[in-house]
Each structure stands twice: as structure tokens, then as C-alpha cells.
């Protein structure tokens, strides 16, 4: 995959995290916060508990991150919120962890009486794992680099690409594009001179036997 290499060092991407997107909606009961403070059930209050439970699913050692990036809820400051929602981003290194995290999120139950929880979404982009056939392609790339007098290094990418999907069906190596920096930032850039060396590496790899 001719995605840019990872970072200015030019790491190849031999694993990519799978990506999941979920929306968690909480329903409560509206009431006037001043006139009838006990007559309503706050969806926002329940969502605050849910957010803490979601973030607790993060396990950095296993490469699992769960992030609540957007929250919505309520209508006015003097109204007990009947509805609230959160958009959740999930990143995992293995398909098994993706299934487990999705099951945990879909299994959320309310802790506040009078509220309900609805979950939409899933892990739509599978992880690109370091499978045996992917490792074979990586070894072929390192041998090709040696013949060209180049050094290759590998890293894990937290983002997804076409490589996540192709890895399900065939040997995949990502980050064969030019070196650069600042992905998705205002200073995003590529090192033009690196295009020549990467093209040479790709050509050498295409002519190499793959175990």
C-alpha cells in the first residue's frame, strides 16, 4: 500500500489498528429543573456514568483505546435533559479485541432508574495484524532494502487504510509511499527526494520472491 511512511523516519507500517465508531444514546424524562426537580430523570447524568465506563475500557498495553469525542444533550439549562448522546471512537490491534470491546459497549445497561440506553455502530475497519503472510512480505522488503543499501524500520499505525481490508485476503505491507510528517495537520508534508528511493524499493520488492 503506497500510503506515506510513518513519520519523518520513514517507518513501514506492518500493523494497523482496527477502527470502530459507536453512538450511545440515553433517554430519560424531561421536567422543569426549578419547579419539578424530582419529576425528571436526567439523560445527561446517566451519560456521565456511561462515559466513565467507556473510557475504562482503554488498555494501552494491549493497544486498545476508547475515546468519547463528542457529547450532546439537553435543550436548556433549566430543563432536566430527556436525551443525551455520545460519539465513541474505538481502536484495537486484534479482531478478537474488537469483538470484545463491541460486545461491552453494546451491553451497556443504565445505572439510573428511569433511563434507557441505545447503542449503534460497530468496528467497521478490521485491524491489519502481523500475520505470517504479512511477516513474509516484510522480510522480503527488508532484504530488498539491503540490496539497495537502505535500512527499513517498522511501526504500528493507529489509523486505518486500504491495507486493513486487503490484509484479510492477502499479504499486505503498508507505508511504502514517501517519507513525510504532519498527517492531517496544517504542516502536512512529504520529502520529495524520498519518492525516488521508495520507487526503487517498490520495484525491487515487486521482483522479489515472497515466501
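The values are calculated or read from the model by the stated rules, or taken from the named source; none is laboratory data. Given the structure is predicted, the values throughout are model-derived calculations rather than measurements. Neighbour counts are summed over all protein chains in view; Cβ atoms, including those assigned to glycine, are modelled from backbone coordinates with ideal geometry.
So, restricting to helices (runs of 4 or more DSSP H) that lie completely within region 82-180, which ones have at least 2 residues that are in contact with a helix residue (DSSP H, G or I) (Cβ under 8 Å, 6 or more places away or on another chain)?
Numbers: elements: 95-106, 132-147, 162-166.
The qualifying helices (runs of 4 or more DSSP H) are 95-106, 132-147.
Take the conditions modelled with pLDDT under 95 and either more than 27 Å from residue 176 (Cβ to Cβ) or not assigned by TED's automatic domain parsing to the domain that holds residue 202 (or both) and apply them to residue 6. Does it pass? Reasoning before the result, please.
Numbers: modelled with pLDDT under 95: yes; either more than 27 Å from residue 176 (Cβ to Cβ) or not assigned by TED's automatic domain parsing to the domain that holds residue 202 (or both): yes.
When the stated conditions are applied, residue 6 passes them.
Only one of 63, 73 is surrounded by 20 or more Cβ atoms within 10 Å (Cβ to Cβ) and assigned by TED's automatic domain parsing to the domain that holds residue 103; which? Give the steps one after another, and end with the answer.
Details: 63 fails: surrounded by 20 or more Cβ atoms within 10 Å (Cβ to Cβ).
Exactly one of 63, 73 is surrounded by 20 or more Cβ atoms within 10 Å (Cβ to Cβ) and assigned by TED's automatic domain parsing to the domain that holds residue 103, namely 73.
For region 174-203: of the residues being surrounded by 18 or more Cβ atoms within 10 Å (Cβ to Cβ) and farther than 14 Å from residue 151 by Cα, which is farthest from the chain's Cα centre (by Cα)?
That would be 178.
Quick one: which residue in 132, 95, 145 is under 24 Å from residue 210 (Cβ atoms) and assigned by TED's automatic domain parsing to the domain that holds residue 73? Steps first, please.
On the way: 132 fails: assigned by TED's automatic domain parsing to the domain that holds residue 73; 145 fails: assigned by TED's automatic domain parsing to the domain that holds residue 73.
Exactly one of 132, 95, 145 is under 24 Å from residue 210 (Cβ atoms) and assigned by TED's automatic domain parsing to the domain that holds residue 73, namely 95.
Residues in region 19-46 that are part of a helix (DSSP H, G or I) and either in contact with a helix residue (DSSP H, G or I) (Cβ under 8 Å, 6 or more places away or on another chain) or not assigned by TED's automatic domain parsing to the domain that holds residue 81 (or both): how many? Steps first, answer last, please.
Residues of region 19-46 part of a helix (DSSP H, G or I): 43-46.
Okay, now just the ones that are also either in contact with a helix residue (DSSP H, G or I) (Cβ under 8 Å, 6 or more places away or on another chain) or not assigned by TED's automatic domain parsing to the domain that holds residue 81 (or both), so none.
Total meeting the criteria: 0.
Yes/no matrix, rows are residues, columns are (1) more than 30 Å from residue 160 (Cα to Cα); (2) in contact (Cβ under 8 Å) with a residue 12 or more places away in the chain:
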| residue | (1), (2) |
| --- | --- |
| 35 | yes, no |
| 53 | no, yes |
| 57 | no, yes |
| 68 | no, yes |
| 83 | yes, yes |
| 107 | no, no |
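In region 158-173, how many are modelled with pLDDT of 95 or more and crowded, with 19+ Cβ neighbours inside 10 Å?
Total satisfying the criteria: 5.
Does residue 1 meet the test of being touching a residue at least 24 places away in the same chain (Cβ under 8 Å), in contact with a strand residue (DSSP E or B) (Cβ under 7 Å, 6 or more places away or on another chain) and part of a strand (DSSP E or B)?
No.
On the basis of being more than 23 Å from residue 71 (Cβ to Cβ), out of contact with any strand residue (DSSP E or B) (no Cβ under 7 Å at 6 or more places or on another chain), crowded, with 20+ Cβ neighbours inside 10 Å and modelled with pLDDT of 95 or more, does residue 144 make the cut?
Working: more than 23 Å from residue 71 (Cβ to Cβ): yes; out of contact with any strand residue (DSSP E or B) (no Cβ under 7 Å at 6 or more places or on another chain): yes; crowded, with 20+ Cβ neighbours inside 10 Å: yes; modelled with pLDDT of 95 or more: yes.
Yes; evaluated as a whole, the condition is true for this residue.
I'd like to check something: does region 47-64 contain any residue that is in contact with a helix residue (DSSP H, G or I) (Cβ under 7 Å, 6 or more places away or on another chain) and more than 28 Å from residue 113 (Cβ to Cβ)?
Taking every residue of region 47-64 in turn, at least one turns out to be in contact with a helix residue (DSSP H, G or I) (Cβ under 7 Å, 6 or more places away or on another chain) and more than 28 Å from residue 113 (Cβ to Cβ).
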